[in-house]
Amino acid sequence: MTGNRLEYAAVDRETVRRIGKLLLVTLSLILLLTLVSFLPGIDRLVPGSPITFLAVVSAIVTIATVALLLSLAPAVATLVHSVVQRPTQVAEDVAAISQLLVVFVAMVIAHRGLAPAVVPLLGEIAWVYDVVFFALTLPPLAILAVRVYVSLDPLADLLAERVTRSATDGEETQ
């Protein structure tokens, strides 16, 4: 137990606090949007447009959520890097993968959350919306895939070392 406390104490408290606060705000925004969706008349069209009031509110909450996630991404990388310290290459890879994953999730949330407010406005060229998000989401996904591929050997080496060390330690104690 003391060993765990020492490991967790090494993590920057302010980084953990910031991540926790941003996650709580994000969850609060999602809960708020859910509650707003129950308001009477929220599914009515905004006068003179093909979108609903709920789509407008959803777009606003989506933008706030995406902004929070994008600001959270570097903090997640910092936290992961401080938790996974050795070997250095593995720590850097896992931290970068974590950051890219948060960015990718933010892009997917943006696409899904903004669609009800944007797609009806585009009419026959609504397909452009998907193309734009495809172009925005593909680079983080490609970099994420490359980072995962590059980290496979160091992660496999680390796993093999830990498993064989555990097996050897178990044999010595018997």
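A few notes on this one:
- Debye-formula intensities of region 57-148, expressed as log10 I(q)/I(0) at q = 0.17, 0.21, 0.24 Å⁻¹, are -0.75, -0.97, -1.12 (one equal scatterer per alpha-carbon, no solvent).
- Calculated [θ] (222 nm, deg cm²/dmol) that DSSP helices of n ≥ 4 give over the chain, each run adding -39,500 (n - 2.57): -30000 deg cm²/dmol
- Surface composition of the chain: carbon and sulfur atoms hold 69% of the protein heavy-atom accessible area at a 1.4 Å probe.
- Residue of V102, V163, V84 that the Gaussian network model of the chain assigns the largest fluctuation, springs spanning Cα pairs under 10 Å: V163
- Accessible area per residue for the chain, computed on protein heavy atoms with a 1.4 Å probe, is 66 Å².
- Under a 5 Å amide H cut-off, with hydrogens placed 1.01 Å from N, T52 pairs with V46 among residues at least 5 apart or on other chains.
- Modelled FRET efficiency - R0 45 Å, I125 with T164, Cβ distances, 0.05 increments: 0.20
- Computed log10 I(q)/I(0) for the chain at 0.08, 0.19, 0.20 Å⁻¹: -0.40, -1.23, -1.29, from the Debye equation with unit scatterers placed on every C-alpha and solvent omitted.
- 15 Å beta-carbon shell around V25, net charge (K/R +1, D/E -1): +3
- Measuring r between the beta carbons of K21 and L155 and using R0 = 45 Å, the FRET efficiency lands at 0.90.
The values are calculated or read from the model by the stated rules, or taken from the named source; none is laboratory data. Quick caveat, the model's predicted, so the values are computed rather than measured. Reconstructed Cβ throughout: ideal geometry from the backbone, glycine too, with neighbour counts over all protein chains shown. Ligands, DNA and RNA are stripped out before the accessible areas are found, and what is left, the full protein with its side chains, is counted by its heavy atoms. Shrake-Rupley method; radii C 1.70, N 1.55, O 1.52, S 1.80 Å.
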